[in-house]
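Engineer: What follows is a single structure, and I will ask about it in a moment.
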Amino acid sequence: MKKSDCIRRLKNLLLATKEKVDLISANKDEIFIFGAGNTTKLHEKCFEAENIKPAGFLDNDPKKQGTTPFLTGGGTVSSPSILQGRKDILVLICSAQINVRKAVASQLKQLGLSFLTVDEYVFSKRTAEILKCVELIEDEESVEIYCEIIASRLMGNYPTENFIYHDQYFALPKFFEVAEKEVFVDCGAFVGDSVEKYIWAHDGTFGKIFAFEPDIINFRAMQYRIERLNKEWAFSEDKICAVNAGVGVRTAESFIEGHNGTGTRISEKTDSTNDSIKIYALDDFFANQKIDFLKADIESFEMDMLQGAEKIIRRDLPKIAICIYHNVSDMYRILLWLADLNLDYRFSIRHHQSKYADLVLYAYH
């Protein structure tokens, strides 16, 4: 589909969504969030960015009821039945699973409650920003992908398989070019899977790898993988540097929220289940080290990482592969933040999963 056709179709959908949102949200005094699981926690930074101040949270799980999901306020979790018949509130459904959205929508309708998805609510208010992103995206293929993902989230369906690409983080030629001195920085290295993908994609030729992973369980698994890779590729022991830490806006001590594998998150919350962890601003960590390739998949902390890396991004102009799907605001905020640096970055988009996950923004020169 041509870029102009994609833009026209998306604009019409966004305008129609705005009409729906304005109608449903009119005369609503309070907002409640349905869902108290990981997807809602990923959206805490979205709620901050969009000035959404939840009066409370709703969930059908009795184990979650009575808990407080956010440090930044928003009240406790309750059963949705306590709000039955309330005409003065709006419920935002926060789930990335279509079957869950449909089931919750049916339940809320039976309870006589007005509701929207978080995607509908935020995207309808950010039409200008989203369309600006479309104009900034480099190639028509990326425009089509970006428009398709936003449209699918608004319409409640998953994107077609035509938009799924392999080789996440290394899907574009610029990102698997071999360079003998390239320094690759992997934020959210998990168990070292993307480190290994990088090595294979670059034929084992690079300068150095820095891999940041805060979860100690994942980190130990990554250490084991690195030991194997060093032997298999005959690397020196300092070729790959594993760092048991997170990345953020500033260098500080923080805490890790449980040990959830792919869903591990950094939190300021302190309790007996949370371990202390170091957070680095990349500007501090790489003050004396040039970087060439920055990858980030860090559970909704991507904007924090960028803000803590602005100096080195300006200094080194690294190519960047960064996830933008963890919360709705990141779908437009990350691209616009990079564009506002005025560093002449080019932007492409690729989608690497069958659902909403693994949408990656590629920024390069």
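Engineer: Going by the alpha-carbon gyration tensor, a ≥ b ≥ c the square roots of its eigenvalues, is the stretch 17-147 rounded (a/c under 1.5) or, if a/c is not under 1.5, prolate (a/b greater than b/c) versus oblate?
Structural biologist: prolate
Engineer: What whole-number distance in Å separates the alpha-carbon centres of the stretch 304-322 and the stretch 124-190?
Structural biologist: Answer, in whole Å: 18.
Engineer: So who's got an amide H within less than 5 Å of the one on T76, skipping anything under 5 residues away but keeping other chains? H placed 1.01 Å off N, in plane.
Structural biologist: F57
Engineer: Which percent of the accessible heavy-atom area of the chain goes to carbon and sulfur, probe 1.4 angstrom?
Structural biologist: 49
Engineer: A follow-up question, please. Order these peptides, 327-336, 216-225, 121-130, by their mean beta-carbon neighbour count within 10 angstrom, highest first.
Structural biologist: 327-336, 121-130, 216-225
Engineer: Any idea what the relative contact order of the stretch 49-190 is, in percent, if you count C-alpha pairs under 8 Å spaced at least 6 apart? Intermediate values should be presented prior to the final figure.
Structural biologist: Details: 113 pairs, mean separation 19.7, N = 142.
Value for the stretch 49-190: 14 percent.
Engineer: What does the charge count near I130 come to, summing +1 for each Lys or Arg and -1 for each Asp or Glu among other residues with Cβ under 15 Å from its Cβ?
Structural biologist: Neighbour charge sum, excluding I130 itself: +2.
Engineer: Which of rounded, prolate or oblate describes the stretch 1-41 when judged by the alpha-carbon gyration tensor and an a/c cut-off of 1.5?
Structural biologist: Here the stretch 1-41 falls in the oblate category.
Engineer: Which ³J(HN,Hα) values in Hz, rounded to whole numbers, follow from the phi angles of the stretch 36-53 under the Karplus curve 6.51 cos²θ - 1.76 cosθ + 1.60, where θ = phi - 60° and Gly and Pro get x?
Structural biologist: Running phi through 6.51 cos²θ - 1.76 cosθ + 1.60 with θ = phi - 60° gives 10, x, 5, 4, 5, 5, 4, 8, 4, 5, 5, 4, 5, 5, 9, 6, 8, 10 Hz.
Engineer: Let me ask something else about it. Given springs between every Cα pair under 10 Å in a Gaussian network model of the chain, which of A296, A55, A211 has the largest fluctuation?
Structural biologist: Its mean-square fluctuation being the largest, the pick is A55.
Engineer: For the chain, modelled as a Gaussian network with Cα springs under 10 Å, which listed residue fluctuates most, I199, I33, I291?
Structural biologist: Ranking I199, I33, I291 by mean-square fluctuation puts I199 first.
The values are calculated or read from the model by the stated rules, or taken from the named source; none is laboratory data. It should be emphasised that the depicted structure is a prediction, and the values quoted were computed from it without experimental measurement. Don't worry about glycine lacking a Cβ; one is built from the backbone with ideal geometry, like all the others, and counts go over all protein chains shown. Side chains are part of the model used for accessible areas, which takes the heavy atoms of the whole protein and leaves out ligands, DNA and RNA. Shrake-Rupley method; radii C 1.70, N 1.55, O 1.52, S 1.80 Å.
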